[in-house]
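The values are calculated or read from the model by the stated rules, or taken from the named source; none is laboratory data. It should be emphasised that the depicted structure is a prediction, and the values quoted were computed from it without experimental measurement. With ideal geometry, Cβ positions are generated from the backbone for all residues, glycine too; neighbour counts draw on all protein chains shown.
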Amino acid sequence: MTLDEWKVKYEQKAEPLIPLPGFSLYFEPDKGFFYWHKFGDVFEIDHTCTDDVMWAHNKCMDMAVATCCKILRTATYRNWVAYKRLTKATVNWSLSGFRPNGKFYYIFEKQVKG
């Protein structure tokens, strides 16, 4: 799919796509996209659209290693138990909460190994 097609899919399922300041786009036509930002030693992800969660998780982990980060931080409003089981990440309850779109987002963190 094109980036525009992925963006339409994202907006149909999540919210209007408004990238946060300082975040960069990573896109692969056959896999999807995510926005990322390095904040100190944290590799942070926002706005992700993919049909392959493990592709996104593994790609983000690789990028976190390459940028010398110690923590990978992601978010989901979907089934947090399944996400935890798939990624082996831990929910950071203090950062989790409702966003302006009215959905509760679970913030996950995982130590970067590399």
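Among the residues of the range 44-81, just one is assigned to a helix (DSSP H, G or I), among the aliphatic types (A, V, I, L, M) and closer than 12 Å to residue 106 by Cα, namely 81. Just one of the numbered conditions (1) farther than 17 Å from residue 105 by Cα; (2) part of a loop (DSSP other than H, G, I, E, B); (3) within 15 Å of the chain's Cα centre (by Cα) is not true of residue 27: (2). Scanning the range 8-22 for residues that are in contact with a strand residue (DSSP E or B) (Cβ under 7 Å, 6 or more places away or on another chain), loosely packed, with under 12 Cβ neighbours inside 10 Å and outside any loop (DSSP other than H, G, I, E, B) gives no hits. Quick check: is even one residue across the range 85-97 part of a strand (DSSP E or B), at pLDDT 95 or above and of a type outside the set (S, T, N, Q)? For the range 85-97, residues part of a strand (DSSP E or B), at pLDDT 95 or above and of a type outside the set (S, T, N, Q): present.
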